[in-house]
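The values are calculated or read from the model by the stated rules, or taken from the named source; none is laboratory data. Since we're looking at a predicted model, the values are computed, not measured. With ideal geometry, Cβ positions are generated from the backbone for all residues, glycine too; neighbour counts draw on all protein chains shown.
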Amino acid sequence: MSSDLIDQLKGQLGANGLPYALPIHPNLVHLTLGLFIVAIAFDIVGVLFPLEKPIFKFLAIPATRSNFFDVGWYNMVAAAVITFFTVAAGFYEILLAEPPADVTSAWGLQAMETMLWHGVGGVVLLLLIVGMAIWRGFQRFLWRRDMARQVQWGYLAAGLFIFVLMFAHGTLGAHLAGEFGVHVSADRLLRLGENPNVLGG
């Protein structure tokens, strides 16, 4: 019964191996990355604000320290929320993936190993980002609410460390698309022996 359902679903997939024209996961990934990077970047600017204040004054930019911390907080919350959808879309698209078995990535991994590490990494990053949002909330509303500097140095260091993990994790995702052709229409059509210039999509 379940195999019949899977076969029926596969019959409705497009040239990219998905039931929709463009993969959702890569787009949500970039939203997660952008929100998280902006959150940490604005908190760094807020921490260094006393050093930058003369520059803002010279450029006639009406900036206050609390505004930078506001941007850091709201972007971190948004990153935590959107990452649930990013990971969910990623797992859904992994379930529909049919990667080649005879290709090895630049890191020496097979497609299934790459998908496994990318999936596990996605869950780990989700937990880390949610943890960072909770940590940020405690700093904003409890621990440092009466302090000019709203975030701890350890929080910023953790954010920069997560940047490194995001780079490694993103590279695995890039391998899935670029080297294994997962959900890439042209690559999939070529493996099926069809002309992507004629069929498209």
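Of the numbered conditions (1) out of contact with any strand residue (DSSP E or B) (no Cβ under 9 Å at 6 or more places or on another chain); (2) free of Cβ contacts under 8 Å to residues at least 60 places away in the same chain, GLN110 fails exactly one; give the number of that condition.
(1)
Is it the case that LEU5 is assigned to a helix (DSSP H, G or I), farther than 28 Å from LEU125 by Cβ and either hydrophobic (A, V, I, L, M, F, W, C) or at pLDDT below 85 (or both)?
Values: assigned to a helix (DSSP H, G or I): yes; farther than 28 Å from LEU125 by Cβ: yes; either hydrophobic (A, V, I, L, M, F, W, C) or at pLDDT below 85 (or both): yes.
Yes.
Residues in the range 105-114: is at least one modelled with pLDDT under 80, of a type in the set (Ser, Thr, Tyr) and surrounded by 15 or more Cβ atoms within 10 Å (Cβ to Cβ)?
Yes, the range 105-114 contains a residue that is modelled with pLDDT under 80, of a type in the set (Ser, Thr, Tyr) and surrounded by 15 or more Cβ atoms within 10 Å (Cβ to Cβ).
Determine which single condition THR171 fails, assuming it passes every other condition in (1) β-branched (Val, Ile, Thr); (2) surrounded by fewer than 19 Cβ atoms within 10 Å (Cβ to Cβ); (3) more than 15 Å from the chain's Cα centre (by Cα).
(3)
Can you find, within the range 48-76, the residue that is farthest from the chain's Cα centre (by Cα) among those that are modelled with pLDDT under 85, at negative phi and not in a helix (DSSP H, G or I)?
LEU59
Quick one: which of LEU165, LEU176, LEU156, LEU142 is among the aliphatic types (A, V, I, L, M) and touching a Ser or Thr at 6+ places or on another chain (Cβ under 7 Å)?
Details: LEU165 fails: touching a Ser or Thr at 6+ places or on another chain (Cβ under 7 Å); LEU156 fails: touching a Ser or Thr at 6+ places or on another chain (Cβ under 7 Å); LEU142 fails: touching a Ser or Thr at 6+ places or on another chain (Cβ under 7 Å).
When all the criteria are applied, what remains is LEU176.
Of the residues LEU165, LEU128, which is under 30 Å from GLY72 (Cα atoms), surrounded by 14 or more Cβ atoms within 10 Å (Cβ to Cβ) and in contact with a helix residue (DSSP H, G or I) (Cβ under 7 Å, 6 or more places away or on another chain)? Working first, answer last.
Details: LEU165 fails: surrounded by 14 or more Cβ atoms within 10 Å (Cβ to Cβ).
Of LEU165, LEU128, the one residue that is under 30 Å from GLY72 (Cα atoms), surrounded by 14 or more Cβ atoms within 10 Å (Cβ to Cβ) and in contact with a helix residue (DSSP H, G or I) (Cβ under 7 Å, 6 or more places away or on another chain) is LEU128.
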